[in-house]
């Protein structure tokens with residue numbers, strides 16, 4: 001993924017020159033990646049797919065219900081009950 005400054009540089013160079021190769025070189029990325037973002041017309045965070053699934057099983061699944069049920073937490077989150 002490219003950074004926001006790289007994306008801004010790519011777009012400004014491409015608008016100025018109309019050349020993908022030179023714009024990509026000046027923005028510090030490959031032609032293939034530059035072409036991807038120019039064709040999409042969207043910034044990198046907008047293209048990134050959002051997912052809702054868990055990537056791994058939650059190791060604290062048994063502890064969280066007790067934490068929320070118990071109101072005995074002190075300032076430093078130390079369980080005293």
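Odds and ends about this structure:
- As a calculated quantity, the FRET efficiency between residue 40 and residue 19 at R0 = 22 Å, using C-beta atoms, amounts to about 0.75.
- The range 14-53 - Rg and Dmax from Cα coordinates, angstrom: 12.2, 42
- Spin-label model distance (nm) - residue 4 vs residue 33, 7 Å beyond Cα toward Cβ: 1.8 nm
No value in this document is a laboratory result; all are computed from the given coordinates. It should be emphasised that the depicted structure is a prediction, and the values quoted were computed from it without experimental measurement. Note that we place each Cβ from the backbone using ideal geometry, even for glycine, and neighbour counts take in every protein chain shown.
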